[in-house]
1. In square nanometres and to one decimal, what's the mean projected area of the convex hull around the Cα atoms of the stretch 63-210?
2. Can you list, bin by bin at 5 Å, the percent of alpha carbon pairs in the stretch 467-583, starting at 0?
3. What are the semi-axes of the equivalent ellipsoid for the stretch 370-471, taken as the square roots of 5 times the Cα gyration tensor eigenvalues, largest first, in whole Å?
4. Out of all Cα-Cα pairs in the chain, roughly what percent, to the nearest whole number, are more than 44 Å apart?
5. Semi-axes of the stretch 243-288's equivalent ellipsoid from the Cα gyration tensor, sqrt of 5 times each eigenvalue, largest first, rounded to whole Å?
6. Set Lys and Arg Cβ to +1 and Asp and Glu Cβ to -1, take the dipole of the stretch 70-180 about its Cα centre, and tell me which of Ala94, Trp136, Leu157 lies farthest positive.
7. Explain nothing, just the number: dipole magnitude of the chain about its Cα centre with +1 on each Lys and Arg Cβ and -1 on each Asp and Glu Cβ, in debye rounded to the nearest 20.
8. Can you give the angle from 0 to 90° between the axis of helix 403-427 and the longest principal axis of the chain, with both taken from C-alpha atoms, to the nearest 10?
Amino acid sequence: MKIIKLVFSKIKKIPLPVLIGLFVFISIHLLLVSKTFYVDSGNNIHTTIAGYGDTALHMTQISKFAFSNITNLSEPIFYGEKLNYPFAINFLSAMFLRMTGDWTFSFLAPALFFAFVNTLLAFWIYNIFFQNKSKWAFVGLLVFFLGSGMGGWNYILDINNYNYSPFGFIEGLTKGMATTVGRWDAVWPEQNIGFGLPLSLGFIHQRAFFAGFFGFLVMFLLLLKGIRTEKTKYYIGAGLALGFLPILHAHSFVAALISVFALGITFLITNKKENLKKIATVFVIGAIVSLPQLYYVFDIGAKTATTGFLEPRLGWMINSARGAAQFPINQQATIFNFSYLKFVWVNFGVILPAFFIFVLILLSKPKLFGRDNFLIIFFALTASLLFAIVQTIKFQPWDYDNNKLLVYFQFFSVPVIILMFKKLYEQKKKLGIAVLSIFLLFALFSGFIDLIPRLAINKNSLPIIFNSDSQKIAEYIKINASEDEIILTGTTHLNPVNALAGRSVLVGYPGWLWTRGLDYKKRLREVAEFYKNPSVSKDIILEYQPALILFDPYVVEDYSADKKVFDDNFEKVFESGDFILYKNSTFTK
């Protein structure tokens, strides 16, 4: 009851226009999330193009916990490995699926809840930063979620090139499923895009990010409460929230560690050294709670891990395998190059230079922002550290994944940028409005362009990732195959065995396995050889003794598998459309 009363007391203080704007933004956010998963009347499962890969990955974990032993933490995409991915939100969806049997509700309910709560918590934190000036907090919220670089510029040029009317422009964006979040195939002088608006990048499809951002915001609010009241209990609560972050989202855990470290530095800068013990308390509690998760869930020191984690390098995406910054032929790939500066500009647009300008102003004229500028220093320092760390350390084999830390950079940098415009507005109102309007135009135009096709597309037009036939195959497996039996499949990410039946596969989609650091190449080669010629390539059959073998359109596409060869060599036990299950009765020992 106290929490409800507190919430309503806060709402009463917010002006009606801000409340309306907040309601509209939250509604848009929830609508976008609701389109990430849809089961039509024919029992076909749809998702968005942007979630074509991620949705299937999360379904493997949901199915695993829903249809297998709940205590089994084996990796559904690589048989024999432990699950080494933050799975809390998918575990929650699995429990809903166990209780209801409804895929749509189970998949979307946790995501919609976190999307709603996270937006309110982020607004609350920004409101604290702006000392209850809610209109500035709302502006900051919009720039955080929708602020982006120059990814929408080419679509703007299309207006002139094709003479689009406003409705024609929208139709063109929707038909082409325009996106400003990512681009990985650019050739110089064009540049790839690895960082886009956080709403589309992290808070629509990245389910673990939903839960991680929630845990981070709770920790951060407790830290702010501890700073304001100087009560140790809030720092203890922050330590507990920090400690549970690894199972929610690994990048949020890293961002939380950096922010707590930045808080300690801020205490030193502002001569509040007596609070360093409280920061130590947060770290100690966080370590006690998080280390077992880091050791077991993430399998620290696993023998199968490959290189690519925590590698030093200067420049985010400077040498990435996919989506790297582009350079002219015969020019060295380095951050000390105009080409990389263009890459940064395309990805961050006006937000990054605006932040650097603020930092310079803060360093040169600290009194301009008042005597009590503790939170300003804290936010600016945290943003600076996050950006610097992303530029110097590669946390995963695919450098692109560091963009999740850059989302936190934007979370901390945006309010200090907006504060700069607020100060200008208070001193010179007309100039402040003009400059802020120009900034918002360039900061938000790519974000709005990205939202148009996502909002306009009809759910039935979304791509199908699993049709009714694949679900029938999964139902047969769940009923007729025990959990410990191995089912041999291809390596597509749209695999009904692990995504719908909840069983581990020998080797899943290589892109997922590479980003996990797993050594999958031997199995991948054996699977390919088997499906190309099962009557000759027996190694994988003899080694793993699969009980069932799946033949589907993907093994035909990937390996030119021949159905007649499989009919001649194996006993068919179930067929639904293009999906066929064979019993391994020929090559067993």
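1. 13.8 nm²
2. 2, 12, 24, 26, 22, 11, 3, 0
3. 37, 24, 10
4. Every Cα pair in the chain considered, those over 44 Å come to 22 percent.
5. Listed largest to smallest, the semi-axes of the stretch 243-288 are 22, 12, 4 Å.
6. With unit charges placed on the Cβ atoms, the residue in question is Trp136.
7. Here the size comes out at about 3300 debye.
8. With rounding to tens, the tilt is 20 degrees.
Every number here is computed from the coordinates shown, using simple stated rules; none is lab data. Remember, it's a predicted structure, so these values are computed and weren't measured experimentally. In this analysis, Cβ positions are derived from the backbone assuming ideal geometry, glycine residues included, and neighbour counts consider all displayed protein chains.
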